[in-house]
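Values quoted throughout were computed directly from the atomic coordinates according to the rules given, and no laboratory measurement underlies them. Since the structure is predicted, the reported quantities are computational estimates derived from the model, not experimental observations. So basically every Cβ, Gly included, is an ideal-geometry build from the backbone, and we count neighbours across all protein chains shown.
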Amino acid sequence: EKLRFTEAYFCGLFNLSKYDFFADKRFAKIIADFQPDIIILHGNRATTICKRTLKRNNIKIPAVGVCHNKRIKGLIGLDALFIILESLRKVTLELGQKPRTNYYMPNVIKSDLNQKFESYKYNKPPMIGFMGRLSAEKGVDCLLKALNILKRKKIEFNAIIAGDGPCRKKLVTEAKLL
């Protein structure tokens, strides 16, 4: 079986604010076109648009948030939260996030890059997605590095990155170098 290596697709999701209901329609089309297995969200605007789009269109794709600051009310209720500060984990629990969906991950993680990857039963190959503002603090450069590790290990996958922002050109260039 021939392996396909990653392509990171960038598509802008123009929106005026997190209350832009036209952005919901555009995001629903992106989801329909790319059929991701999971959606990773950074920030309240992306989360609000995503949650509303999934609910209104009865789309059953897990939405995962990355929590790195105190503006977290909009993240509550996602399928999972990855939180980089222990103090924020406690706040999310107090706000109603279920403990089994609340993952504390310190900002620095030790991992074994030689660990065997076990495939899940999702799309073949799995589709990895990100939606958010393309700015330095969102860590999309880290996502691209992680995708590159998967590629080097010959793990088949596809990825889509949706958003716009000051780092867009740089990230598109980095993605092309994968």
Run the numbers for residue 44 and residue 21: contour at 0.36 nm per residue of separation, minus the present Cα-Cα distance, in nm. 6.8 nm
Name the lysines eligible as straight-distance cross-link partners of residue 98: C-alpha to C-alpha under 17 Å, and not fewer than 8 places from it in the same chain. 51, 73, 90
Approximate spin-label separation residue 70-residue 136, in nm, with each point projected 7 Å along Cα-to-Cβ: 2.3 nm
Would you kindly derive the ³J(HN,Hα) couplings of region 170-178 from the backbone phi angles with the Karplus curve 6.51 cos²θ - 1.76 cosθ + 1.60 (θ = phi - 60°), listing them in order in whole Hz, with x for Gly and Pro? 4, 5, 4, 4, 4, 5, 5, 7, 4
Consider a paramagnetic label point 7 Å from the Cα of residue 91 along Cα→Cβ; state which residues of region 9-51 have an amide N under 18 Å from it. 42-48
Highest first, please rank the peptides 127-139, 143-155, 78-90 by the mean number of other Cβ atoms sitting within 10 Å of their residues. 127-139, 78-90, 143-155
Reduced to Cα centres, the span from region 160-178 to region 12-62 in Å works out to 19 Å
Using modelled amide H (1.01 Å from N, peptide plane; none on Pro or chain starts), what sits under 5 Å from the amide H of residue 43, excluding residues fewer than 5 places away? 66
Total charge dipole magnitude, region 125-171, about the Cα centre, Cβ charges on Lys, Arg, Asp, Glu only, Debye to nearest 20: 220 debye
Any of 25/60; 60/124; 154/176; 18/55; 18/176 with alpha carbons more than 20 Å apart? Name them for me. 18/176
